[in-house]
Every structure is written in structure tokens, then in C-alpha cells.
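The values are calculated or read from the model by the stated rules, or taken from the named source; none is laboratory data. Here the structure is a predicted model, which means the values were calculated and not measured. Cβ placement follows ideal geometry from the backbone for every residue including glycine, while neighbour counts extend to all protein chains displayed. Only protein heavy atoms, including side chains, enter the accessible area calculation; ligands, DNA and RNA are left aside. Shrake-Rupley method; radii C 1.70, N 1.55, O 1.52, S 1.80 Å.
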Amino acid sequence: MSDKRNIKTYDKPAGGWGALKSVTQSWIQSEKPLKNLRAMLKTNQDKGFDCPGCAWGESPESGLVKFCENGAKAVNWESTGRYVDPAFFSNHSVSSLKKHTDYWLESQGRLTHPMRFNAQTDHYEPVSWDDAFALIAKHLNDLPSPHQAEFYTSGRASNEAAYLYQLFVRAYGTNNFPDCSNMCHEASGQGMKPTIGVGKGTVTFNDFEKADTIFVIGQNPGTNHPRMLEPLRDAVRRGAQVVCFNPLKERGLERFQHPQHPIEMLTNGSTPTNTAYFRPSLGGDMAVMRGIAKWLITWDDEAKANGKPLVLDHDFIQTHTNGLDDYLTAVKATSWEQIEAQSGLSKDEIQHAAMMYKRGRRVIMCWAMGITQHKHSVATVQEIVNVQLLRGNVGKPGAGLSPVRGHSNVQGDRTVGINEAPPEALLDALEKRFNFKVPRERGHNTIQAIQAMESGESKVFIGLGGNFAQATPDTPRTHAALSKCNLTVHIATKLNRSHLTTGKDALILPCLGRTEIDMQANGQQGVTVEDTFSMVHLSYGQLPPSSEMLRSEPAIIAGIAKATLGNIPVDWDVLVSDYGNIRELIADTIDGFEDFNKKVSQPGGFHLGNAASERRWLTPSGKAEFATNTLPASLLNSEIIARGEKPDLILQTLRSHDQYNTTIYGMDDRYRNVFGARDVLFVNESDIKKLGFKDGEKVDITSLWNDGRTRQIKQFMLVAYDIPEGQAAAYYPETNPLVPLDSYGDGTFTPTSKFIAIKLTKSESDGRIPISST
Ligand SMILES: Nc1nc2c(c(=O)[nH]1)N[C@H]1C(S)=C(S)[C@@H](COP(=O)(O)OP(=O)(O)OC[C@H]3O[C@@H](n4cnc5c(=O)[nH]c(N)nc54)[C@H](O)[C@@H]3O)O[C@H]1N2
Ligand SMILES: Nc1nc2c(c(=O)[nH]1)N[C@H]1C(S)=C(S)[C@@H](COP(=O)(O)OP(=O)(O)OC[C@H]3O[C@@H](n4cnc5c(=O)[nH]c(N)nc54)[C@H](O)[C@@H]3O)O[C@H]1N2
Ligand SMILES: [Mo]
């Protein structure tokens, strides 16, 4: 390695040989390459398993190979030949494990045995499944109120596991269901539900083939949904418009070379994945959408005056919507000065975007975390909906709304009842079917769960997957909150930092992963998942379990439930003997799942249906509602303004190409040309100069908030990067100590992970470290 840092622009297309090389490496590192290769070919196939990576859905017609580079990494990461067994825990105390990085912890391999923390020895020690269940039952039954326990879910849990979990927790007596969705697409659901009547995307895979314009807003599919690059590329090839809004020039949104396309690979051919690229300010998308609406309305008025064809879809608006007049008034009252200042785009640029929108007769708008992790995310989602309603782009083929979900079953978990604010209809159905008094009080979301543990009100934390302590904001504070618990329990496949922040008692319960064969009394079981297009399908593990001691998630939940409640309200063992029994209960209680077992046994599964996509509006008025929100007066939180200090930069926290949320696969971020490091801060070169630093220098980063706490992370290397002035970017989860717990979205409680006001200071011991060998 040279001692000179070197971060150039990555000039190769996304995918391509780089992706193939990376997949090969992940195979070899798994130490089970041949077995995994056989398993890989079963990814997303009929009778195979659902990719444990992202929630992107499959084209029904796609061929033999249905995985992408990052899906391959997810499979090889889960199915490793390394094991974290009782000997490992006896060699490593919990205090010594805490000194290792997140990457090291997870790379030690698969958890093999149930383990109980012994505070005296500072070690996790083996425990029998029955004793583990009995310990949980004792803690839960000792609590004065069921509302003092928190039941977290990460979005990899299957429908069957999630349904059993919510049934158990509600029978126990609470709706405390903090989940990863609270930190993710919460704003999409909250924004869409009151406007179009459903909180899910309205499109399916096939719509992408029919669209003549696709907007991709605040999303980095090249890394996080790589299989989406194919429909984007195909769209560009057939002459459709792909319009991207992202402050960063993300490689996957520029060019793509299909790694599973031999001719493309051999000729080194690649295709652009956009036809226009706009680079807004962080948090500026609501203003962008408002500007697009303003142009559309202006053109419509002009067309009306000149007797030309109108620009808005007045028939659709008349028949299907409510509230246009108020919305028009709000749009007209928003000044171009404010739109330009807040969006970071000029009136002309927005005109260009509006033209591309107008040109499409069928437009899909996709978005992800760049939209949902802001203070005013709900209003931004609703502005996207408004623009789509103006031209009737909801509920027709090739058009619609597509919040692209993260975890592979995060959408399904919500559908089957993981919801701290459950709809009354769900509670009524459960009460009727199971004959117990369902708790009606709203439960805790993720932020409220942390607050409740911090204040000592909540005493038990159970995590169905995930890495709660690292994924959530204000890291040291969250760790402190967890360690105040009487009991912490983690149902997990791999060791992570959350497991090391123990309550007085603590358990790690190792479970089967998606890739593994799940045998129960009635034979091999499959589980179901719902993708981002509301397609529900079966997933069958292919590989022998990593350890004989592993239990499936449904079996573990049933074990906890039986120990805590006995056979109330169901015979838990019968449910686990055959997951078809769980699906029967889902069919009885959850909308859209009638004949579940039959429907899901068809190859490819079935579509859950989406009323808005059929132009049935499940709103109180029976119509789609234009939402009239005003642009925020300032994007800066009032707490920061009150502090009276001007931030140096606004930081967004994002994913590298070598990670799955808090799971770090490696230290490279190929498409951003970063190698061997994650403690980097991307900043515009002119800002680096303006702030008195040099490229490559190390800085400490402090975030601003008005609560008297200091939030700081140290020794991050400045990287001069192609990023708009005033902005910075760095990787999550390392940056979570900077996100104040109380800085969350209006109406969502989603941490504002894409908008953090920061100050930089020179690190005490400065050193230029090499991060690239090129
Ligand atoms: N390989 C892999 N796949 C994953 C994941 C993973 O970690 N690794 N995570 C999964 C999960 S849970 C999720 S939720 C998804 C996340 O998928 P993404 O939402 O694509 O994830 P992020 O890395 O957070 O990227 C956010 C993108 O939004 C842009 N952005 C940030 N702020 C703004 C803004 O204010 N406006 C606009 N227009 N753009 C902005 C950033 O530059 C970045 O390109 O991916 C899922 N798939
Ligand atoms: N600053 C910042 N914070 C963020 C985000 C951000 O963009 N910026 N993104 C947010 C988002 S979108 C999300 S979704 C959350 C993610 O938050 P989580 O879902 O809580 O985190 P993950 O990193 O996906 O969880 C990884 C762990 O899950 C366990 N695991 C893996 N597979 C399985 C399985 O099959 N079963 C079980 N039981 N366990 C399994 C492993 O032990 C692994 O260590 O983070 C959020 N936090
Ligand atoms: Mo997510």
C-alpha cells in the first residue's frame, strides 16, 4: 500500500467483473464453497429459499440464476463453516469480546448453542433450551405489568415466526413491538395510508416493464437492491426515462453491466441506468416535488388558457380524489425562492425534472431511506403521492408508488401483526379467533422502548433477530438503557454487539437461518415471506443446520410462549409441528390470506392485493386525498437552532457496498472507491478547505443538539469527494452515536439518520493512513 490515500471516481459500471470477483471471494471466505454454490442456485427458485438479503421482488420470468452479488454475500455470510460454540465463549469473556469490532464479532461464525450470561464469571455459558425458556418465563411473569417488556423484531423473521411472536406477546398482554421498520420505511406507511388508503407500494415487478418514466429518489439500488438495476437498465434501453434524485453520484444509478449476461461480460458492454440525474440538498426532496407540482400546475393553467391538451389528469382527479383546491392553494403559495433554497436545485433543473415527469404517461416513483429518515419524511412521501395523483399515476399498469423495502420480510412482519399501533380490525380478529382479551393500548416503538428501558420502566428486552443496540440512535445511551434490564434475550444466528450489552440476566438463543433445512414433527417445513411488491411466497432451507442444537424461530417462540403462558391461547407444539397450522391461523385473522396454504403452494406464490392499485381508496372519504403540508420553514431542527450554533456540515449516514445493515462483510466500498476502511467522512473538497482542513486529515465529529449531552466520534478521515457543498456522508452504524435519540421524524419516531448537524475538529493525534492501494 502506498501511504497516499487515493479515492478516485470508480469508472467501471456497477455489477460486471467487480461483482463476480466479489461473489467468488465471499464463497471462498464462507469455507463451504461447494455446498453454498449448490444452495445459491436455489435462491428465489420454486422450492428453494427466499434470498435473505433485500426485499426486492423477482421477475416471474427470470431464469436459473436469481441472486445478485450482495445476495450471494448474505447467503455465504449465513452459511459459514465457522462456529461460535461453548468453547469459544469459555475462551472469551464478555468484556474481552467487547474490545473487538462488529466485523470481527460476526465473522467468528454461527452461534451453535443456547447460552446464558454468568455475571460472576463474565462469560456466556451453555444452558439447556428448557432452562432458558423457564428463565424467560420467570422474568416475564414476575413483572408487575406486561407493558414493562419490549419485544423487538428485525425484518428477516418469517411470517410464521412473526405471527406466533405477536400472538404470544398479545396473549401475554402488551403491544410493545419496537421493530426495524420504525427506523426504516415507517414514513412511507404513515404517509400513504391517509392519502391512498394503503401503506404499501402499489406496483408489482411487471409494472417496471410497462413504465415509461421511473423516478428513483433517495435510494442506492446498486448496493442495496442490486437486482433492481436490471429493470432500470431495460427501461433505459427501451427508451423510457429513469430520473434519479440523489446528492451522491451512486455508481449503480449511472451504468450497469449484468454479471449474469455472458455477452455483456465478454464484450465489456454496459448500459446507463439513468437518463437524468439531479443532486438535491439533504432533506430537499419535498421542495423538489413541490417545485414539480408548481410547474405542472403552471403548464395546466397555460394549456387551459390556450385551449391545448391539459397537463393534469382532471378526469382522474374528479373521480378519484379529494382536496385538490387546498393543495393548489398551498402550491401556489410556496415561493420559488423557498423551493430553490430548500431543494438545492434551480427552478430550471426542477423544470427539466417536471418535463420528464410530464412526458411519461405511466410513471413509477421509487424511494428508500434518503426520503424516510428525515424529520419531515411523512410530508415528503405525501408530496410524492400528490405529484402522482396530479397525473393519475396511481392505479394503472406501469405506474404507481414504490417504497422499496429493506429487510427481506419487513413488509410481511407488519402485515401479520408486528405493529406497536395495531389497527383495531386486527385486534378484533385476534380476539374473536382466540378468545382472549387483547391489549388495546398502543405499545412502544423503537425510540419509546429505549426511553422506557432508560428510565427503568421496562425491564425485559427480547430481540427476534437484529442488532438493536447498534442499529438504533445515541449508541452509548442505548447500550446503557439495555444494560439496566433484568433480562435481555437475543434470538440470533450470529454474535453481535447487542449480545454483549447484557441485562442482569442474558440469553443468546441460536436459531436456524433462511438457508437451513427446518425439520419438525411433520417433516420439513417452509416459511413464507412478502416482498416489496406484496408477493407472498414459500421459502425452503437447503443446507443442513449449522448445529444440531439450533431451533427454528417459530420453535423458539413457541418454547418461550409455552413456558410463560402454558397452552394459552393455543397448543404451541401443534402449531410448530407443521407450519401449515400457523398459516391456517393467519388465514383466519389477517386480510388477504384466505386459503393461504393453497395459494402459497403455487410456484411463485400469490399477490396479496392492493386496493389502491385497483383505484379502490380505503380512506374515510372513499377517495384518494391530496395532503396539504407546508414546506418546513427550516430543515434544521428547532433544538439545533435553539443552541445558536451553526453546523459545519449536514451529515447523512448510509451503507457501504460491503455491509448488510450492522453486519459488516468487509472493509471495502468498491463503487465509492474506498478500500480497507470504514472510518471515513466524505466531504466536498471546497468545504474541507473552507473549514481549514486537508484531504486525508483526521477529524473528530460532534453533532449538535440542545440537551446538554456531548455526542462525538473520533478519528474519522476526511475524504475529498464528489458531494454537494455543505453535506457530508459516513457509514452507519459507526455514526449512530451522533444521532440524538430525540431527533426523529414528525409522526414516525424514525431517527433522522440522513440529516445530522455536525461540527468538525482536528483529531488530537493526526495521521494519514492509507485506505486504498490503487
Ligand atoms: N447489500 C445490502 N442490501 C441492503 C441493505 C444493506 O445494508 N446492504 N439494507 C437493507 C435495508 S434494511 C434497507 S432499508 C435498504 C436501504 O437502501 P437505501 O435506502 O438505498 O440505503 P442507504 O445506504 O441508506 O442509501 C440511501 C441513499 O439515499 C441518498 N440520500 C440520502 N439522503 C438523501 C436525501 O435527503 N435526498 C435524496 N434524494 N437522497 C438522499 C444517499 O446518497 C444514498 O444513495 O437496503 C436493504 N438492502
Ligand atoms: N444511522 C443509521 N442507523 C440506521 C439506519 C441508517 O441508515 N443509518 N438504517 C436503519 C434501518 S433501515 C434498519 S432496517 C435497521 C436495521 O436494524 P436490525 O434489523 O436490528 O439490524 P441488522 O443489522 O439487520 O441485524 C443483524 C443481526 O441479525 C441477526 N440475524 C441475521 N439473520 C437472522 C435470522 O435469520 N434470524 C435471526 N433471528 N437473526 C438473524 C444476526 O445476529 C445479525 O447480527 O437499522 C437502522 N439504523
Ligand atoms: Mo431498513
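Count neighbours as other Cβ atoms within 10 Å of each site's Cβ, and list the GluC sites (Glu not before Pro) in the range 503-597 that are DSSP loop with at most 15 such neighbours. Can you show the working numbers first?
Numbers: sites: Glu516, Glu530, Glu548, Glu584, Glu594; in loops: Glu548, Glu594.
Answer in residue order: Glu548, Glu594.
Quick check: the distance between the Cα centres of the range 164-242 and the range 382-413, to the nearest angstrom?
That distance is 7 Å.
Name the long-range amide H neighbours of Leu345: under 5 Å, sequence gap of 5 or more, or other chain; modelled H, no Pro or chain starts.
Placed amide hydrogens put Ser281 under 5 Å from Leu345.
So for each of 637-648, 71-82 I average, over its residues, the number of other beta carbons within 10 Å; can you give me the resulting order with the highest mean first? Before the final figure, lay out the partial values.
Numbers: 637-648: 15.2, 71-82: 23.1.
The packing order, highest mean first, is 71-82, 637-648.
Mind giving me the FRET efficiency for Asp11 and Lys99? R0 is 56 Å, r the Cβ-Cβ distance, nearest 0.05 is fine. Walk me through the numbers on the way to the answer.
Working: r = 39 Å, r/R0 = 0.69.
Rounded to the nearest 0.05, the efficiency is 0.90.
What per residue convex hull volume, in Å³, comes out for the range 638-773 when only alpha-carbon positions are used? Don't jump to the answer; show the numbers that get you there.
Values: hull volume 15.9 nm³, N = 136.
Per residue, the Cα convex hull of the range 638-773 comes to 117 Å³.
Just tell me which lysines come within less than 21 Å, Cα to Cα, of Lys754; anything on the same chain fewer than 8 places away is out.
Lys249, Lys375, Lys646, Lys714
Could you state the accessible area per residue of the chain in Å², with a 1.4 Å probe and every protein chain left in place?
Per residue, the chain has 36 Å² of solvent-accessible surface.
So how do 649-657, 282-290 stack up, highest first, on mean other-Cβ count within 10 Å? Mind dumping the intermediate values first?
On the way: 649-657: 23.4, 282-290: 27.2.
In descending order of packing, they fall as 282-290, 649-657.
Got a sec? Charge dipole of the chain, +1 on Cβ for Lys and Arg, -1 for Asp and Glu; which of Leu482, Ser763, Asn159 is way out at the positive end?
Among Leu482, Ser763, Asn159, the one farthest towards the positive end of the dipole of the chain is Ser763.
If Lys and Arg each add +1 and Asp and Glu each add -1, what is the summed charge of the other residues whose beta carbon sits under 9 Å from the beta carbon of Gly323? List each step's numbers first, then the result.
Values: positive: Lys623; negative: Asp325, Asp326, Glu625.
For residues surrounding Gly323, the net value is -2.
List the residues, sorted by chain then number, that are 5 or more residues from Thr750 or on another chain and whose placed amide H is less than 5 Å from its amide H.
Gly745
I need the peptides 574-583, 314-323 ranked by packing, meaning the mean over residues of other C-beta atoms within 10 angstrom, with the highest value on top. Could the numbers behind the result be given before it?
Details: 574-583: 20.8, 314-323: 16.2.
Top to bottom by mean Cβ count within 10 Å: 574-583, 314-323.
Put a dot 7 Å past each Cα toward the Cβ at Asn91 and Lys689; how far apart are the dots in nm?
Distance between the two pseudo-spin positions: 5.2 nm.
Can you work out the Karplus-derived ³J(HN,Hα) for every residue in the range 606-621? Use 6.51 cos²θ - 1.76 cosθ + 1.60 with θ = phi - 60°, whole Hz, and x for glycine or proline.
9, 8, 6, x, 8, 4, 4, 6, 9, 6, 9, 9, 8, 9, x, 7
Mean Kyte-Doolittle of at least -1.0 and a Cα length of 24 Å or more along the axis: which whole DSSP H helices of the chain meet both?
Values: long enough: 285-306 (31 Å, -0.21).
Passing helices, by number: 285-306.
State the percentage of accessible surface on the range 478-522 attributable to carbon and sulfur atoms; use a 1.4 Å probe and exclude ligands, DNA and RNA.
On the way: 580 of 1110 Å².
Here it works out to 53 percent.
Leaving out ligands, DNA and RNA, and with a 1.4 Å probe, what % of the accessible surface on the range 261-374 is carbon or sulfur? List each step's numbers first, then the result.
On the way: 2460 of 4850 Å².
Carbon with sulfur: 51 percent of the solvent-accessible area.
Let me know the shape class of the range 491-629, please: from the alpha-carbon gyration tensor, a ≥ b ≥ c as square roots of the eigenvalues, rounded when a/c is under 1.5, otherwise prolate if a/b is greater than b/c, or oblate. If you can, show how the numbers build up before the last one.
Numbers: a/c = 1.92, a/b = 1.56, b/c = 1.23.
It comes out prolate by the Cα gyration axes.
Quick one: compute the contact order of the range 186-404, relative version, from alpha carbon pairs under 8 angstrom and 6+ residues apart, as a percent. Don't jump to the answer; show the numbers that get you there.
Working: 390 pairs, mean separation 71.0, N = 219.
Value for the range 186-404: 32 percent.
Mind listing P(r) for the chain? All alpha-carbon pairs, 10 Å bins, whole percents.
Using 10 Å bins, I get a P(r) of 3, 14, 25, 28, 20, 9, 2, 0, 0 for the chain.
Relative contact order of the range 29-107: what whole-number percent is it, with Cα pairs under 8 angstrom and at least 6 residues apart?
Once divided by the residue count of the range 29-107, the mean separation gives 35 percent.
Relative contact order for the chain: what percent, with Cα pairs under 8 Å and sequence separation of 6 or more? Walk me through the numbers before you get to the answer.
Details: 1733 pairs, mean separation 163.4, N = 774.
Contact order relative to length: 21 percent.
Order Leu464, Leu41, Leu34 by their accessible area, 1.4 angstrom probe, all chains in place, largest first. Please report the intermediate quantities before stating the final value.
Numbers: Leu464 0, Leu41 70, Leu34 130 Å².
Greatest to least solvent exposure: Leu34, Leu41, Leu464.
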